[in-house]
Amino acid sequence: MAGLLGALMLCSCASEQVAYTPGAYAQPSQADLFDWQGYGLTGPVKIVINLTTQRADIYIGGQYAGWTAVATGKAGFGTPAGDYTIVEKVADKHSTIYGKIVDAYGNTIKPDADVRRDRPPQGGQFVFAPMPNWMRLTWTGIGMHAGPIPEPGTPASHGCIRLPDEMAAALFERVQIGTPVEIVR
């Protein structure tokens, strides 16, 4: 395995078991958000996302490879359960709906803005939210991507599945169009 997945394997946080604590309130480090055990595994990838625990389990070639914390859709923006496959991969994607509004000086004046209802002031602009390592699951806007997990164990997104940066990069490199993703309650 090369590239970002190789980097994931070499980092100290990937080589040890880390206790998963749903509902922790401190801003977590990357080491608290995943555990990788997939060294040397080959074969197709499968991802199982649990909406209740806000955790994803990763399998490679039918063998358990590790887990990662996720942040799925918060109230009013639920992530739909079901069986999906990855239908698109884009390394440098941005939302077309959500982001922040900044004033003419670049100061954030609305951090959780929706382009359909929020307008920037004169001289300001709408900055669309980055969604690095985008792995689309539906053509209606649900996918997996790197993003903040402010409180592990608690939904926080607008419907997507946010992953820790390192895990999103590693999965993006490893998955293919057609990789199965199961979302369960």
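Need one number: nm distance between label points at residue 139 and residue 108, each 7 Å from Cα along Cα→Cβ, rounded to one decimal.
The modelled label-to-label distance comes out at 3.4 nm.
Can you figure out the FRET efficiency of residue 63 with residue 176, using R₀ = 22 Å and their beta-carbon distance, to the nearest 0.05?
Details: r = 18 Å, r/R0 = 0.81.
The formula returns an efficiency of 0.80 here.
For the range 79-185, give the percent of accessible area contributed by carbon and sulfur heavy atoms, probe 1.4 Å, rounded to a whole number.
Values: 2800 of 5300 Å².
Carbon and sulfur: 53 percent of the exposed surface of the range 79-185.
Taking θ as phi - 60°, what are the ³J(HN,Hα) couplings along the range 126-142 by the Karplus curve (6.51, -1.76, 1.60), each to the nearest whole Hz, with x for Gly and Pro?
8, 10, 5, 5, x, 9, x, 6, 5, 10, 6, 10, 9, 7, 9, x, 9
Could you pull out every residue, at least 5 positions away or on a different chain, whose amide H is within less than 5 Å of the one on residue 157? Hs are placed 1.01 Å off N in the peptide plane, and Pro or chain starts have none.
72, 73, 74
Where nothing but the Cβ of Lys and Arg (+1) and of Asp and Glu (-1) is charged, how large is the charge dipole of the range 110-149 around its Cα centre, in debye to the nearest 20? Walk me through the numbers on the way to the answer.
Numbers: 5 positive and 3 negative charges, 21 e Å.
Taking the Cα centre of the range 110-149 as origin, the dipole is about 100 debye.
Apply the Karplus parameterisation 6.51 cos²θ - 1.76 cosθ + 1.60, with θ equal to phi minus 60°, to every residue of the range 87-97 and state each ³J(HN,Hα) to the nearest whole Hz, in sequence, with x for glycine and proline.
After applying 6.51 cos²θ - 1.76 cosθ + 1.60, I find 10, 7, 10, 9, 5, 10, 9, 10, 4, 9, 10 Hz.
Assign unit charges at the C-beta atoms only (+1 for Lys and Arg, -1 for Asp and Glu), then state the dipole size of the range 37-126 relative to its Cα centre in Debye, rounded to the nearest 20. Write out the running numbers ahead of the final one.
On the way: 10 positive and 8 negative charges, 27 e Å.
Around 120 debye, computed over the range 37-126.
In Å², what does the accessible area per residue of the range 61-166 work out to with a 1.4 Å probe? Intermediate values should be presented prior to the final figure.
Values: 5160 Å² over 106 residues.
Counting only protein heavy atoms, the per-residue value for the range 61-166 is 49 Å².
Please work out how much accessible surface residue 92 shows to a 1.4 Å probe, ignoring ligands, DNA and RNA, in Å² rounded to 10.
120 Å²
Distance in nm between label sites at residue 115 and residue 154, each 7 Å beyond Cα in the beta-carbon direction?
That separation, rounded to one decimal, is 2.9 nm.
Taking H placed 1.01 Å from N in the peptide plane, check which residues at least 5 places from residue 179 or on another chain put their amide H under 5 Å from its amide H.
86
Using the basic label-point model (7 angstrom from Cα toward the beta carbon), what is the residue 48 to residue 92 distance in nanometres?
3.7 nm
Per residue of the range 71-80, what does 6.51 cos²θ - 1.76 cosθ + 1.60 with θ = phi - 60° give for ³J(HN,Hα)? Whole Hz please, x for Gly and Pro, Karplus curve as stated.
3J(HN,Hα) across the range 71-80, in whole Hz: 10, 9, x, 6, 3, x, 9, x, 8, x.
The values are calculated or read from the model by the stated rules, or taken from the named source; none is laboratory data. This is a predicted model, so every value here is computed, not measured. Using ideal geometry, Cβ is built from the backbone for each residue, glycine included, and neighbour counts are taken over all protein chains shown. We work out accessible area using only protein heavy atoms, side chains counted, and drop any ligands, DNA or RNA first. Shrake-Rupley method; radii C 1.70, N 1.55, O 1.52, S 1.80 Å.
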